């Protein structure tokens, strides 16, 4: 089973990119972040001919998540249970016995800002939500744009980004607490080349200069570790015309 995630930075702007990528890669599940469209405006009809069903949780102009699946997604929930939030950042459902949790973690803007405080509160509630889900599910995949680089190896210039948003100690501590619940960063289960990233700023020719970060993650529960055959990043779409600033990340489960 192939499961993928992609922050598309606007589904309507990237519709052709996503459609082409689906036809080439044929994932069983594709989660999207930053769809940036209200549910009634989501281009559902574009994916039906490709063999995908779509579950969406969006809002106008900002945020938004979606899950595309070849077979029906069940037990669908939107948002974080017990956390009142007007931002559409989480959609959860079960596929082939695996709980899929699609997340778009807040960016945080800058350390110490109000948006950073919101990010800390959000992560606290998300952590508690995961604790609840773990009581009912063993096979879990959490994937999406985490807006956190797990370690310095995931940053093109760790010294430049030291103690800044995406790389701060507080953000990494929350990620480590989530991992401490029994999840593994699937990418680091395998030997990887150096300087592999999933996000590059549009500015300063960052992609061409390999000035990126790995902030799009796929975390898997202990019960899935033995089934994980591969975890990788597909940079191809980032080099296309008018791309998202993120690349798809994928795992393959036996």
Selection within segment 94-112 - touching a helix residue (DSSP H, G or I) at 6+ places or on another chain (Cβ under 9 Å) and either within 19 Å of residue 129 (Cα to Cα) or exposed (fewer than 15 other Cβ atoms within 10 Å of the Cβ) (or both) = 98, 99, 101, 103, 105, 106, 109, 110
Are any residues in segment 151-204 closer than 27 Å to residue 101 by Cβ, part of a loop (DSSP other than H, G, I, E, B) and in contact with a strand residue (DSSP E or B) (Cβ under 7 Å, 6 or more places away or on another chain), and if so, which ones?
-> 166, 167, 182, 190, 196, 197, 198
Qualifying position, being in contact with a helix residue (DSSP H, G or I) (Cβ under 9 Å, 6 or more places away or on another chain) and within 19 Å of residue 215 (Cα to Cα), among 18, 8 = 8
Residue set 87, 131, 138; condition surrounded by fewer than 17 Cβ atoms within 10 Å (Cβ to Cβ) and within 18 Å of residue 7 (Cα to Cα); output residue 87
Which pairs have Cβ atoms under 6 Å, sit 6 or more apart or on different chains, and link a residue in segment 184-204 that is surrounded by 14 or more Cβ atoms within 10 Å (Cβ to Cβ) to one that is assigned to a helix (DSSP H, G or I) and modelled with pLDDT of 95 or more?
-> 184/225
Within segment 47-74, count every residue that is in contact with a strand residue (DSSP E or B) (Cβ under 9 Å, 6 or more places away or on another chain) and either in contact (Cβ under 8 Å) with a residue 24 or more places away in the chain or closer than 17 Å to residue 9 by Cβ (or both).
-> 17
For residues that are more than 17 Å from residue 107 (Cα to Cα) and out of contact with any helix residue (DSSP H, G or I) (no Cβ under 8 Å at 6 or more places or on another chain), tally how many sit in segment 137-182.
-> 9
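The values are calculated or read from the model by the stated rules, or taken from the named source; none is laboratory data. As the structure is a prediction and not an experimental result, all values here were calculated from the model. Positions of Cβ are generated from backbone atoms using ideal geometry, with glycine treated the same way; all protein chains shown enter the neighbour counts.
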